[in-house]
Each structure stands twice: as structure tokens, then as C-alpha cells.
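These notes concern the structure reproduced below.
Where a number appears in this text, it was derived from the coordinates with a stated rule and is not lab data. This is a predicted model, so every value here is computed, not measured. Methodologically, a virtual Cβ is constructed for each residue, glycine included, from the backbone with ideal geometry; neighbour enumeration extends over all protein chains shown.
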Amino acid sequence: MRVRNKSIGVRPDFDMRETNGRYEVPPLAWYSSHLERMRTCTVEHVIFVNDVCSLEKDEARDDVNLVRLIQQRDNCSRSAAIAQAAAAADERMREFQLLERGVPHLCKQLGLDDVAHTAVLRHVDSMIDMLSGNYHWSRTCGRYSPKAAAHLGPDRPGLLALYAPSTLQPEHVIAD
């Protein structure tokens, strides 16, 4: 989790949301342990959801996947490892929701004015967007479907192999 936490592209998205949304979370709030824990819950939820949804793809490519690591660590079945990963995602969501309820108190304790308070709320909204958007995308994208995984393997170039190089048109339709 420590490696994935630093390598997944969620954290830069929060910075981009500030820039694109034309707001900036004040440093006092940004660096608070409260908002940092909310960001960590968001990142870890994304990781767990992605790794459950991409399991077939990752197995086909022999890629590292947290579900597979849980199986190895705990010497448990695939379904038990999936259940553990899903429970971990749910735990992060429950913690996030608990912390979200405390955001107004955080803003008051920090003495934020209305503009800064609004920026913090927009930052929280960006995390909520990431949580729900990632869940929806991971559940519906063709890249993670078992049908797509059937075209993958450690010795294959990946999903690009489904496209004819001269036309870049799909040779096969991947649908759930």
C-alpha cells in the first residue's frame, strides 16, 4: 500500500481540480491531518476498487495486484482475498464519511473565512467525485472485463493488440 499510495495518479488530480476549479485550499487546511486522512482514504479506496476490478486483467498479464498479494500473504482463496479487499475499501469509505461530517468543525477551528471554507468544501467534493467516479469507471470500463482479459497475457502487447496498426480501428469489440 505504501508503494501504491505514492505511485497512483490520484493525488495530482486534487491539485488539478484546484487549478481547473479556480480555487485553492489554504495551506493551514491542506496540511491538516484531517484533510490528509481524507485524501489517504480516497487514494486507498481507489486502489482497492481498481485491484478488485482489474484482477482478471492483472492475472492475465501476471501483474502485481493487491488481491493476489492478500491471497499469498494470508494463504487464502481468491474469493476470501476479494472479500478482504472489498472490506478494506468499505472501511476507507466509512472513515471518509465520518471525517466528512467533521469538515465544518475543522474549518471553524482553523478560523477560515467564507472563501477558504468554500475552497475546503470544493476539495472535499473533488474527493467524493474521485471516489464515485473511480468506482463507476472501474465497474464499467471494457479494459477490466473478463472478455478483455482473455486477449491478454505476459507475452502479448496488451489491449493495443486488439487494434490493427494500419487503421487503428478495433478488430474486436470488447463489451461487458
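Some notes on this structure:
- Applying 1/(1 + (r/R0)^6) with r as the Cβ-Cβ distance of His136 and Lys108 and R0 = 22 angstrom yields a FRET efficiency of 0.10.
- q = 0.16, 0.17, 0.25, 0.31 Å⁻¹: log10 I(q)/I(0) that the Debye formula gives for segment 20-67, counting C-alpha atoms only: -0.61, -0.64, -0.86, -1.05
- Cα pair distances in segment 1-46, grouped into 5 Å bins until the bin that holds the longest one, percent each: 5, 19, 27, 27, 17, 4, 0
- Compactness of segment 22-106, expressed as Rg and Dmax over alpha-carbon positions, Å: 16.2, 49
- For segment 1-144, the fraction of alpha-carbon pairs in successive 10 Å shells from zero, as %: 11, 38, 30, 15, 6, 0
- At most 14 other Cβ within 10 Å, DSSP loop - chymotrypsin sites (Phe, Trp or Tyr not before Pro), segment 1-45: Tyr31
- Convex hull volume per residue in cubic angstrom - Cα atoms of segment 48-96: 67 Å³
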